[in-house]
Structures are given as C-alpha cells and as structure tokens.
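Structure, as structure tokens:
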Amino acid sequence: MVAEGGPERPAAVTHPDLAALVSVQLRSGDGPIPAALERGEPVDSADLLREERWPAYRAIALDSGVRSSVTIPFRRSGLTVTLSLYSFRPGALEDAPHGPARALGDLAVTCLVRDRSYRAALTELDQLGAALRTRPVVDQACGIVMHVLGCDADAAFGVLRRVSQATQRKLSDVASAVVDTRGRGLERELVSLSD
C-alpha cells in the first residue's frame with residue numbers, strides 16, 4: 001500500500017482473498033497497516049488465532065486461512081509504502097522484517113520516489129518549455145506597450161500582467177493579441193491600465 005499523506009491509499013495484492021484484508025483495515029482504520037503507518041515500524045501478529053487486537057481484521061484473516069502476518073513500513077521523501085506478508089502457519093514470519101522482504105520494500109519505495117521525482121521533473125520541463133516558447137511574444141508585446149505608453153520594460157510587463165489578470169487570460173494570450181494588433185486600438189485601454 002502507498003500513502004502520500006492524502007486520503008487515497010492505492011494498494012496491490014497478490015491474491016484476491018487478501019484484498020478484503022487490506023480493505024477492512026483501510027475502512028476501519030484498525031489493523032496492522034494503520035498501526036505500522038502510525039508507529040513507523042514493523043507490526044506483526046505471530047498467531048492470529050491468539051490475537052486480541054483488530055477484531056474485524058482478525059475475523060477476515062482467519063476466515064481466509066491466514067494465521068500470521070507482518071506489515072513493514074518504508075518511508076522516504078514524504079512517501080510511505082507498506083509491505084504486508086501473510087502466512088497460513090503461525091510464527092512463520094518472525095524474520096520477515098529483516099530478510100528479503102526488507103530488500104523488496106526498500107527497492108519498491110526507492111523506485112516509487114524516483115518515479116515521482118522523474119514525473120515532477122518532466123512537468124517542470126514542460127512548463128519551462130512553454131515559458132521559453134511564449135517569451136519572445138511577451139517581449140514583443142512589452143516593446144509595443146513601451147512604445148505606446150512611453151514607459152520602461154518593467155512598467156510594460158506590469159500592464160500586460162494586469163490585463164491578463166483582469167480578463168482572466170493567460171499572459172501569453174494577451175501578449176499575442178497585442179502583437180497581432182501591433183497595439184492599434186489598445187492605446188486608451190493601455191493608458192488606463194498604466195496608472
């Protein structure tokens with residue numbers, strides 16, 4: 001299961017019977033997964049037949065034939081991944097938090113953090129690319145406004161920004177309109193916005 005601080009907690013299971021175990025914990029807020037998220041350390045139950053915690057989870061687990069479980073949390077960069085292991089035998093998962101399960105969980109959270117960073121970098125790259133593509137038009141529009149109003153570049157950009165905000169249009173769209181008309185017909189409006 002993946003938790004990023006929001007209400008959504010996507011989970012994946014390797015067997016259909018296990019989905020109910022995850023679902024009851026997320027719905028009730030009670031069970032090994034919520035406990036591991038809260039504590040930040042592994043939470044286990046060596047024998048669910050003798051377990052007194054988490055009655056709803058325990059009932060579904062035993063009904064599914066699960067006798068023991070362990071949930072291991074992995075936290076990195078604001079992301080928490082929990083890995084839950086289940087066994088049909090009691091006491092079978094005692095060493096799980098220290099063996100291959102730990103390596104698998106570390107790998108999973110590292111990959112998810114890298115993927116999230118990669119996606120954020122792609123989004124930023126797209127935004128920078130869009131800004132670079134619109135920059136020449138904004139510069140041209142600033143030059144036209146500077147000529148019409150007889151002002152400096154900062155004042156011209158401020159006028160374009162106020163027009164953008166007042167009309168709820170993108171700055172690049174406002175700049176394109178100014179460039180397309182070469183500022184003709186906008187003199188009065190630009191003068192009123194320069195004050």
Net dipole in debye of the range 51-90 [+1 Lys, Arg Cβ; -1 Asp, Glu Cβ; about Cα centre; nearest 20]: 200 debye
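For residue 94 and residue 27, what does the FRET efficiency come to when R0 = 35 Å and r is the distance between their Cβ atoms, rounded to the nearest 0.05?
Efficiency computed from Cβ-Cβ geometry: 0.80.
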Principal-axis tilt of helix 16-28 within the chain, Cα atoms, nearest 10 degrees: 70 degrees
With Cα atoms, 0 to 90° folded angle of helix 100-149 axis to the chain main axis: 10 degrees
Assigned charges on the beta-carbon of Lys, Arg, Asp, Glu; the chain dipole about Cα centre (debye): 340 debye
FRET efficiency, 1/(1 + (r/R0)^6) with R0 30 Å, evaluated for residue 113 and residue 139 via beta carbons: 0.20
Per-pair calculated FRET efficiency, R0 = 25 Å: residue 19 and residue 47 via Cβ, rounded to 0.05: 0.65
Angle in degrees between helix 153-167 and the longest Cα principal axis of the chain, rounded to the nearest 10: 60 degrees
Local electrostatic count, residue 30, Cβ distance below 12 Å [Lys/Arg +1, Asp/Glu -1]: +2
Inverse mean reciprocal Cα-Cα distance (Kirkwood Rh) of the chain, Å: 21.2 Å
Difference of contour (0.36 nm per residue) and Cα-Cα distance, residue 63 to residue 121: 16.3 nm
Solvent exposure of the chain as accessible area per residue, Å², 1.4 Å probe: 62 Å²
Probe 1.4 Å - accessible area at residue 60, Å² to nearest ten: 50 Å²
Protection-proxy order for peptides 50-56, 158-164, each taking the mean of Cβ atoms within 10 Å per residue, highest first: 158-164, 50-56
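The values are calculated or read from the model by the stated rules, or taken from the named source; none is laboratory data. None of these values were measured; they are calculated from a predicted model. Reconstructed Cβ throughout: ideal geometry from the backbone, glycine too, with neighbour counts over all protein chains shown. We work out accessible area using only protein heavy atoms, side chains counted, and drop any ligands, DNA or RNA first. Shrake-Rupley method; radii C 1.70, N 1.55, O 1.52, S 1.80 Å.
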